[in-house]
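Every read-out reported here was derived from the displayed coordinates using simple, explicitly stated rules and does not represent laboratory data. Quick caveat: nothing in here was measured; it's all calculated off a predicted structure. Positions of Cβ are generated from backbone atoms using ideal geometry, with glycine treated the same way; all protein chains shown enter the neighbour counts.
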Amino acid sequence: MSYRLTVLAGVTATPLLLSTSCLSLPSYQPDIAVMYKEDDSGSTVSGSGFSLHFAGGPGPRFPDALHVDGVDILGHAPAATCFGESEAGIGLEPSPRISPDSDVDLARSDLRITLRGPAVVQAEVTWATRLSCNADHEPQGTATFTVFPDGRIVRHDSFVDDASEQLSPIACACDGRLAWFTISSYWSFTRSTFSSLNVPNQEGLLVPDDGMEASNLPVACLASGNYQLSSGWRDQKSSTIHRVGDLLAVGRYGLFKSNTLYNFRWASSAALLVDRSDCKTGLIRAGEYAAPSPLTVTSATTPVAQSELDGIYGGDAGSGAPGIELSDMRTELRGPVKSSFAVWLRFPRASEAVRATLTSDAGDRAAGVWYLPQQTDERSWILWFRDPLLANQTILVEPF
Amino acid sequence: MTQRGILSNLGSISAAVLAATCALDAAPAHAQPSAAARSEAAGHFRQAQAYFQRGDFDRALGEYQAAYDLSAEPSLIFNIALCHDRAHRPEPALEAFRRYLALAPNGAVADEARDDIARLTPIVEDRARAHAAAVEHARERDRDEVARRDDAARRDDAARRDEASRSRRAQVAHYVVAASAVLVAAGATAHALAWRTRHRLEDDADFTAYVQDRRTFQLERRLAIAGYAAGAVALTAGLLVWRTAAGRDDRATLSAALTPGGATLIVGWSR
């Protein structure tokens with residue numbers, strides 16, 4: 001009897017299983033999209049002509065490679081001092097840096113993907129380290145990387161050390177030299193990749209020499225042969241681009257002038273942008289992060305502002321509850337916004353799909369994949385728009 | 001009948017014939033029959049005697065009876081009894097002997113009649129019992145035969161009904177299997193359409209087109225799975241019905257469970 005049951009169950013279930021397995025629903029994979037993928041060596045977020053690789057393994061899960069057109073432009077300095085910049089990470093000078101290629105003693109390390117594309121991928125790196133000079137100090141933090149299809153990477157770091165005992169940098173110096181406590185959030189790049197530094201109204205500047213820096217820049221653009229790498233800072237204070245040997249470090253640095261480390265909180269936000277036109281465009285895009293254009297969202301019941309944390313209009317403002325609340329299922333977006341942008345909308349009711357329609361006084365029509373929707377919950381959608389929103393244009397967003 | 005009895009009867013015959021002859025010829029004063037009747041009765045008597053002597057007892061009995069009807073002579077009843085006795089009909093013989101004794105208890109052959117009654121009574125009783133037993137046996141045999149025929153009829157009727165039921169079940173099984181083929185074909189068609197839509201989905205760059213194709217794909221996929229599932233259930237049910245109709249005497253028991261993922265089905269039967 002059991003044999004009969006088994007045979008019959010197999011006979012009847014097989015076509016169902018085949019039907020189910022052969023007819024999985026393919027996800028939306030447009031040509032312009034940002035995607036997330038895990039592999040043996042870590043995790044990769046890839047977009048149009050670039051990919052950002054997050055390190056795997058037990059070490060810090062910060063990015064260890066940024067490929068543009070197939071070339072890794074991230075700086076790698078294995079011979080750097082224990083607190084010197086390499087790859088991307090957090091500096092705790094004179095203690096070891098928090099980066100994938102450091103020997104830092106970690107209490108915790110994790111990578112969590114909170115948004116998976118196609119419009120936005122968001123990766124959250126958490127870390128905690130023990131200071132060798134004092135076991136009571138356990139600095140810890142979170143770095144949120146929000147990546148868009150056109151090469152905009154918004155990074156937000158926050159870290160904290162609640163221990164109240166004041167530490168001397170001498171006891172904590174991993175290389176034994178006298179130093180000051182400096183904390184930083186940085187990217188490092190290969191110096192030879194770039195030919196010039198560009199800032200508004202000053203194009204074609206020389207890349208800083210070894211030991212030199214360009215500081216307090218709200219936006220900047222490093223030009224290479226085929227692409228440009230721009231950076232924007234919502235808070236430009238203490239932002240620097242400086243050269244360390246063969247590396248260019250782009251980051252924001254905080255110096256503890258009291259020369260002791262205790263009970264601190266620190267946060268830093270920046271946008272990194274990959275372009276393939278010129279630094280003028282790159283600076284405009286960086287400027288849209290440093291000083292976002294106002295976006296009008298009709299039927300919005302909550303403030304419309306571009307989040308410093310993720311670079312999305314209506315994104316997480318730090319409350320952990322992103323999304324512009326709408327009173328209507330149809331809403332209109334009006335600018336002008338000078339570059340590509342994303343908006344996070346929260347409709348009053350659930351919708352299976354939303355679509356956007358561009359209207360213009362001049363009769364302009366959008367061509368190709370000019371927007372990407374991404375559902376985050378049954379009522380919430382992130383829409384990424386490829387093009388700037390001109391003053392005479394309106395985008396209608398509605399479920400369908 | 002013993003040898004002594006036969007001899008005795010032969011003697012009785014002679015005595016009866018003699019008695020009857022004397023009686024018929026004597027024509028008593030109180031006798032009612034006319035002379036012509038007596039003469040006719042005597043003729044019958046003689047004819048009866050002749051038959052009796054030849055051993056033709058049935059004809060002799062008829063002649064004796066005719067003579068008695070004309071003469072009402074009791075000894076003729078005795079002769080009638082003898083005829084029955086010789087013809088091996090003990091019951092009428094016994095009845096006739098008793099009738100003779102009732103009519104002529106002191107007649108010339110009354111003692112002979114009593115002897116014959118004594119001789120025939122157990123024979124008749126035995127024959128009556130045997131007859132009753134035979135009748136009862138025949139009745140029982142008849143009852144058994146009726147019961148057998150009823151049982152056979154019932155079996156035939158049950159067989160006809162069973163055959164009709166099997167035929168109906170086989171027909172139903174054919175219909176169900178045919179329906180399952182149609183369902184599976186419909187599922188396969190929807191599957192093919194879904195497969196084609198799936199290829200289109202992979203190439204959809206525009207989100208609106210993707211969503212519309214996704215809806216089409218989901219509908220086609222549901223139809224495919226439903227077609228396969230319903231076809232599988234119908235096919236299994238049809239095969240089980242066919243199996244029971246084929247005489248295995250199984251009783252089909254179906255149970256099915258479709259999980260939200262769409263894909264578990266258990267079908268079975270038990271005896």
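Worth pointing out:
- Relative contact order [Cα under 8 Å, 6+ residues apart], region A:222-318, whole percent: 29 percent
- Relative to the longest principal axis of the Cα atoms of chain A, the long axis of helix A:279-290 makes an angle of roughly 90 degrees.
- Student exercise, region B:82-180 dipole from Lys, Arg, Asp, Glu Cβ charges, in Debye to nearest 20: 740 debye
- Overall form of the protein assembly as shown per C-alpha gyration tensor (a/c, 1.5; a/b vs b/c): prolate
- Lys/Arg +1, Asp/Glu -1 at C-beta; the protein assembly as shown dipole; positive extreme among B:Ile77, A:Ala321, B:Tyr210: B:Ile77
- The dipole here belongs to the protein assembly as shown: it is taken about the Cα centre, uses +1 on the Cβ of Lys and Arg and -1 on the Cβ of Asp and Glu, and is about 2160 debye.
- Look at the alpha carbon pairs under 8 Å that are at least 6 residues apart: their mean separation over the length of chain A gives a relative contact order of 12 percent.
- Over 40 Å [Cα-Cα, chain A], rounded percent: 23 percent
- Build a GNM of chain A with springs between Cα atoms under 10 Å apart, and of A:Pro218, A:Pro58, A:Pro139 the one that fluctuates most is A:Pro58.
- Sum of -39500 (n - 2.57) over DSSP H runs of 4+, divided by residues of chain A (222 nm, nearest 500): -3000 deg cm²/dmol
- Signed unit charges on C-beta, dipole axis of the protein assembly as shown, positive-most listed residue B:Gly62, A:Leu309, A:Asn134: B:Gly62
- Estimated FRET transfer efficiency (B:Ala164, B:Trp195; beta-carbon r; R0 35 Å; 0.05): 0.15
- Charged side chains reduced to their Cβ positions (Lys and Arg at +1, Asp and Glu at -1) give chain A a dipole of some 780 debye around its Cα centre.
- Alpha-carbon centroid distance for the pair region A:296-326 / region A:84-133, whole angstrom: 27 Å
- Region A:58-79-region A:210-229 distance, computed between alpha-carbon centres (Å): 18 Å
- Only one residue of A:Ile113, B:Gly43, A:Tyr227 has its Cα farthest out toward the positive end of the dipole of the protein assembly as shown, where Lys and Arg carry +1 and Asp and Glu -1 on Cβ, and that residue is B:Gly43.
- Among A:Glu332, A:Glu85, A:Glu124: highest mean-square fluctuation, GNM of chain A, C-alpha pairs under 10 Å: A:Glu332
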